[in-house]
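> This is the structure, below, for whatever I ask next.
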Amino acid sequence: MVYTINEIFSITRGTLLKVSHTGGISKLLLDSRKLSNAYETLFIAIKGKRNDGHSYIEELYKKGVRNFIVEHSPNLILFPDANFIQVKDSIVAMQQIAAFHRQRFKYPVVGITGSNGKTIVKEWLYQLLNTTCHVVKSPKSYNSQIGVPLSVWNMSEQHEIGVFEAGISQPNEMDKLERILKPNVGIFTNIGQAHDSGFLNIRQKINEKLQLFAFSEYVVYCHDHSELNNAILNFKAKIVNDDSDNRFKLFSWSMQESSEANLKITKVIRNNGFTQIEGHYQGTSSFIEIPFTDQASIENAINCWAALIVLNKVNAAVIQQFKHLSAVSMRLELKEGNNNCSLINDSYSNDISSLIIAIEFLQQQQLKPKKTLILSDILESGKNEFELYEEVVAIIQRFKIAKFIGIGKSLKRQQKQFEPLENIELFFYEDTASFLSTHPFDTFQDEAILLKGARVYAFERISALFEKKAHETVLEVNLSAINHNLAIYRKQLPTKTKVMAMVKAFSYGSGSYEIAKQLENNQIDYLAVAYADEGVELRQAGITTPIMVMCPERNSFDTIIKNNLEPEIYSIEILQELLNQIELYYTESVHLPIRIHLELETGMNRLGFDVHQLEALANILQTHASQIKVASIFSHLAASESADFDAFTKEQIARFESMSSFILQHCPYPVLRHILNSGGIVRHPEAVYDMVRLGIGLYGSDSSNKIQNELEVVSTLKSTILQIKEISPNDTVGYSRKGQLKTGSKIATIGLGYADGLHRKLGNGVGKMELHGQLVAIVGSICMDMCMLDISNIPNAKVGDEVVVFGKNPSIQQLAEWEGTIPYEILTNISKRVKRVYFEE
């Protein structure tokens with residue numbers, strides 16, 4: 001649907017500052033990096049604590065955007081051909097637009113909330129319904145105050161049902177989402193501890209979530225959750241006046257025989273990876289079968305079954321579809337591929353909305369300039385085939401895809417639509433088998449490749465060919481957790497405080513470019529590396545954020561200057577070496593003045609200027625002001641995380657204040673000061689200064705242990721079982737026969753050893769790993785490429801099963817405690833032969 005600027009003005013009730021453009025509006029944009037169709041885009045400038053959307057108006061105008069919602073008026077003279085609406089709150093305006101858009105459609109809308117399972121229930125309902133009707137759903141986990149409006153904006157006349165999720169983290173949020181979604185049917189999945197900190201107690205959290213269903217006709221939930229059941233009954237009593245009030249009718253399900261639930265689950269039979277669930281409803285027994293055996297999946301499937309009964313959508317085709325439910329991957333994975341390619345596999349769903357999200361993720365990976373899209377037919381879209389692929393062609397053109405491979409009969413039929421595209425390689429195949437058997441795979445070189453296919457096209461076969469054959473051990477890096485942890489630390493800081501992120505030592509083992517790019521996308525102020533070659537690698541990969549080099553070597557200054565890096569200067573000698581390089585080679589250089597960072601010695605006794613050197617330093621700075629400029633002054637705290645050394649930390653801070661103030665007197669320009677690291681940010685807020693340095697905290701480890709529960713795990717090290725052996729009581733395991741077991745045992749050999757970074761101290765029962773949700777001990781000495789686990793208590797273990805070395809359980813902190821070291825050492829010791837897999841949830 002297309003709206004005019006006057007319609008948007010009427011919906012938001014703002015102030016129409018300027019009308020100069022007559023084009024229609026079909027797209028909402030909040031993030032300037034995700035611009036696709038400028039001509040039909042409405043940019044909504046949102047002012048956050050650390051980033052202001054108004055700063056990007058000029059850039060977007062130059063790119064062709066002509067419609068803007070703002071909170072404060074820009075200089076309108078600069079935008080002669082644009083439309084501007086001013087509102088008090090841009091987020092509220094967006095919600096008003098989405099609410100108006102929702103009211104234009106009369107088909108049923110399902111709203112889903114709860115602590116866990118929202119996204120899976122939504123995706124499974126989509127999988128169950130989309131074979132018989134046209135469904136619109138939330139992309140990924142779009143369930144917030146911003147995500148819900150963007151999801152609802154995707155509703156169109158071609159759809160027959162909407163399925164959306166909604167989540168909150170504090171009171172007074174859900175009623176806003178209710179006004180947008182207006183769900184006819186509600187599903188309350190469960191209640192747990194997620195976001196507990198935002199509420200007084202669990203009852204308040206349930207009541208807040210129930211606001212989503214205040215005007216719904218039906219509410220689906222599990223009767224067995226007593227706290228939830230009681231809260232729902234009380235909520236209904238408050239809002240429903242009498243029997244004539246045709247809303248908030250309850251449809252519950254239960255596994256308890258004595259329950260009064262509508263759908264009673266009478267049998268749950270697990271067998272060979274499948275679960276048969278038998279239920280009794282209105283005097284009739286029936287069953288569904290799902291390809292999962294875990295309890296969470298069983299509950300999610302029953303929630304779907306109950307919702308389908310309420311929607312009157314239960315039929316033979318839907319019941320059969322339960323057998324084919326697929327695991328929901330809520331993340332976009334970036335993997336290393338053959339021939340220097342990068343691979344993004346996003347083939348769990350395939351529709352226009354998820355295609356755009358995946359291409360935006362592809363566009364952000366700037367390491368490979370050539371972008372390739374391999375796309376299957378888009379099934380059950382509800383759109384005319386010609387119009388559907390006309391839209392796909394426009395997306396390809398918008399995002400400047402260099403190579404397009406279409407797989408499927410519909411794409412093959414619509415091939416002529418793609419042929420007018422310029423500067424693009426085009427290939428079309430009727431099915432996946434044809435592509436695999438005839439396409440020359442050696443032609444893929446130095447490309448970022450996006451696989452986007454419907455499940456029936458089995459794109460996992462394509463992925464297997466592209467993926468670089470690597471060690472079975474992988475380090476999974478959650479880029480969304482990086483975003484989350486950065487936000488947690490930013491919450492500890494005053495709004496204007498800058499953040500320098502440590503990406504040295506291969507970003508603490510997580511991968512330098514990928515982490516740096518994620519941080520750059522989050523408007524990080526500075527990056528820090530240890531050595532010049534690390535900074536050069538980031539510059540060559542397209543990172544433009546300022547980079548400080550913490551350990552510049554005397555022979556690296558030429559490299560530092562040429563790559564616009566900023567050296568740390570910690571002594572008169574190293575400063576003089578830099579000045580000598582400048583005078584020899586850069587007297588007329590455009591690089592001048594070189595930005596430098598001064599380290600002061602306040603008690604760490606490692607690197608830095610001592611007090612007695614400050615006067616000589618100040619003289620050099622003044623004499624060579626045209627050649628060097630101080631970007632920042634900093635020092636290192638020796639024990640910021642420990643209360644035992646708070647007195648010493650305060651001494652360091654006092655020395656830094658005195659020493660840095662002296663230098664500032666000799667710098668006639670603004671200079672940043674910083675002394676706090678991750679632990680200091682949490683424990684010593686009085687010393688924030690202008691910038692802080694965020695290191696291990698960014699990667700999910702709080703050295704102060706004050707906010708550890710708020711941080712998310714970034715890195716998970718996994719391996720697989722190579723072989724399983726039965727060991728008799730007299731046998732030993734591993735080198736030097738150190739693995740001695742008193743009773744007969746079952747031993748699993750894992751493809752992970754000290755060459756991968758697993759320290760030998762963890763052998764002989766010291767360390768443990770997770771298998772099937774249980775911790776199992778390492779047996780015997782750790783070998784170079786392997787180690788052995790005692791899995792006697794895991795009866796169902798088999799070759800190929802996944803083993804977690806560290807992640808959520810055991811945590812990296814627990815592993816460090818077993819090893820007698822710190823998380824830093826564990827992360828940085830992970831070998832580069834261990835494949836890194838990056839994903840975004």
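The values are calculated or read from the model by the stated rules, or taken from the named source; none is laboratory data. Fair warning: this is a prediction, and the values are worked out from it, not measured in the lab. No Cβ is skipped: glycine too gets one built from the backbone with ideal geometry, and neighbour counts run over all protein chains shown. The accessibility values were calculated without ligands, DNA or RNA, using every heavy atom of the protein model including side chains. Shrake-Rupley method; radii C 1.70, N 1.55, O 1.52, S 1.80 Å.
> Accessible area per residue for the chain in Å², computed with a 1.4 Å probe and the full protein assembly in place, what is it?
On a per-residue basis, the chain sits at 43 Å².
> Checking a compactness column here: for region 659-707, what do you get for Rg(Cα) / (2.2 N^0.38 Å), N being the number of residues?
The value comes to 1.39.
> Please provide three numbers in whole Å: the alpha-carbon extents of region 163-282 along the principal axes, with the largest listed first.
For region 163-282, the Cα spread along each principal axis is 44, 38, 27 Å.
> While we're on this one: Two decimals, Cα atoms only, Kirkwood Rh: what is Rg/Rh over region 283-434?
We get a ratio of 1.05 for region 283-434.
> Which log10 I(q)/I(0) values does region 354-437 give at q = 0.17, 0.18, 0.23 Å⁻¹ under the Debye formula, counting every alpha carbon as one identical point scatterer?
-0.69, -0.77, -1.22
> Now a separate question. Run the 1.4 Å probe and let me know the accessible area of Asp89, rounded to the nearest 10 Å².
Its heavy atoms expose roughly 70 Å² to the probe.
> Starting from the Kirkwood Rh over alpha-carbon pairs, what translational D in µm² s⁻¹ does region 722-761 have by Stokes-Einstein at 37 °C and 0.692 mPa s?
289
> Quick one: give the max-minus-min coordinate of the C-alpha atoms of region 106-172 along each principal axis, largest first, in Å.
37, 22, 18
> Among 806-812, 621-627, what's the highest-first ranking by average C-beta atoms within 10 angstrom per residue?
Most protected by this proxy first, the peptides run 806-812, 621-627.
> In vacuum, with every alpha carbon of region 375-424 counted as one equal point scatterer, what does the Debye formula give for log10 I(q)/I(0) at q = 0.14, 0.19 Å⁻¹? Two decimals, please.
-0.31, -0.58
> To continue, here is another question. Looking at the calculated P(r) for region 437-552, what percent of the C-alpha pair distances fall above 20 Å?
57
> What percent of all Cα-Cα pairs in region 567-691 falls into each 10 Å bin, going from 0 up to the bin containing the maximum distance?
13, 44, 29, 12, 3, 0
> Once you wrap a convex hull around the alpha carbon atoms of region 413-458, what is its projected area averaged over all directions, in nm²?
Approximately 4.3 nm², given one-decimal rounding.
> A further question on this structure: Would you kindly work out the equivalent ellipsoid of region 81-237 from its C-alpha gyration tensor and give its semi-axes, the square roots of five times the eigenvalues, largest first in whole Å?
Whole-Å semi-axes of the equivalent ellipsoid: 26, 20, 13.
> Using the Cα atoms as the points, what is the convex hull volume per residue of region 556-596 in Å³?
Convex hull volume per residue, Cα atoms: 61 Å³.
> If you don't mind, another one. When only C-alpha pairs under 8 Å and at least 6 residues apart count, what is the relative contact order of the chain, in percent?
For the chain, the relative contact order is 8 percent.
> Below 8 Å between Cα atoms, with a sequence gap of 6+, how large is the relative contact order for region 1-148 in percent?
So the answer I get is 21 percent.
> For region 5-69, just list the percent of Cα-Cα distances falling in each 5 Å bin from zero outward, please.
4, 17, 30, 26, 17, 6, 1
> Could you give the distance between the Cα centres of region 428-482 and region 533-552, to the whole Å?
30
> Tell me the relative contact order for region 152-244 as a rounded percent, counting alpha carbon contacts under 8 Å between residues six or more apart.
The value is 30 percent.
> Restricting things to alpha carbons, find the Rg to Rh ratio for region 644-790 using the Kirkwood radius for Rh.
The Rg/Rh ratio comes out at 1.25.
> Restricting to the chain, what percent of DSSP beta bridges are antiparallel, rounded to 5?
40
> Specify, per residue and in Å³, the volume enclosed by the convex hull of the alpha carbon atoms belonging to region 488-598.
116
> Among Trp305, Val318, Leu334, which residue has its Cα furthest toward the positive end of the charge dipole of region 294-341, with +1 on Lys/Arg Cβ and -1 on Asp/Glu Cβ?
About the Cα centre, the residue reaching furthest to the positive side is Val318.
> Could you tell me which residue out of Ile187, Ile572, Val92 lies farthest along the dipole of the chain toward its positive end? Charges go on the beta carbon: Lys and Arg +1, Asp and Glu -1, centred on the Cα centre.
Ile187
> Students sometimes get this wrong: rank Asp442, Asp756, Asp785 by accessible area, probe 1.4 Å, all chains present, largest first.
In descending accessible area the options line up as Asp442, Asp785, Asp756.
> Could you look at the chain and say what percent of its accessible area is carbon and sulfur, using a 1.4 Å probe and all protein chains?
That fraction is 48 percent.
> Let me ask another. Thinking of region 777-841 as a set of Cα atoms, what percent of all their pairs are more than 19 Å apart?
47
> Rounding to the nearest 20 debye, state how big the charge dipole of region 668-731 is about its Cα centre with +1 on each Lys and Arg Cβ and -1 on each Asp and Glu Cβ.
The calculation lands at about 180 debye.
> The chain: Rg/Rh from Cα coordinates, Kirkwood Rh?
Result: Rg/Rh = 0.98.
> Could you size up the charge dipole of region 168-239 around its Cα centre, putting +1 on the beta carbon of Lys and Arg and -1 on that of Asp and Glu, and report it in debye to the nearest 20?
That gives a dipole near 180 debye.
> If packing is taken as the average count of other Cβ atoms within 10 Å, what order do 96-102, 671-677 fall into, highest mean first?
Listed from highest to lowest mean packing, they are 671-677, 96-102.
> Convex hull over the alpha-carbon atoms of region 225-318: what's its volume per residue in Å³?
Measuring per residue, one finds 116 Å³ for the Cα hull of region 225-318.
> Can you tell me the order of 686-695, 430-439 when each peptide is scored by its average per-residue count of other Cβ atoms within 10 angstrom, highest first?
The most tightly packed comes first, giving 686-695, 430-439.
> In 5 Å bins starting at 0, how do the alpha-carbon pair distances of region 514-567 split up by percent?
Bin by bin from 0 Å, the calculated values are 4, 23, 34, 23, 11, 4, 1.
> Another one. Taking just the C-alpha trace of region 277-359, give me its Rg and Dmax in Å.
Taking only Cα atoms of region 277-359, I get Rg and Dmax of 17.6, 61 Å.
> Rolling a 1.4 angstrom probe over the protein chains, ignoring ligands and nucleic acids, what is the accessible area of Asp646 in square angstrom, nearest 10?
40
> Would you mind working out the magnitude of the charge dipole of the chain relative to its Cα centre, with +1 at each Lys and Arg C-beta and -1 at each Asp and Glu C-beta, to the nearest 20 Debye?
1140
> What is the Cα coordinate range of region 706-841 on the first, second and third principal axes, sorted by size from largest, in whole angstrom?
Computed over the Cα atoms, the extents are 47, 31, 29 Å.
> For region 124-200 and region 10-89, write down the distance between their C-alpha centroids in whole Å.
Distance between centres, Cα-based: 26 Å.
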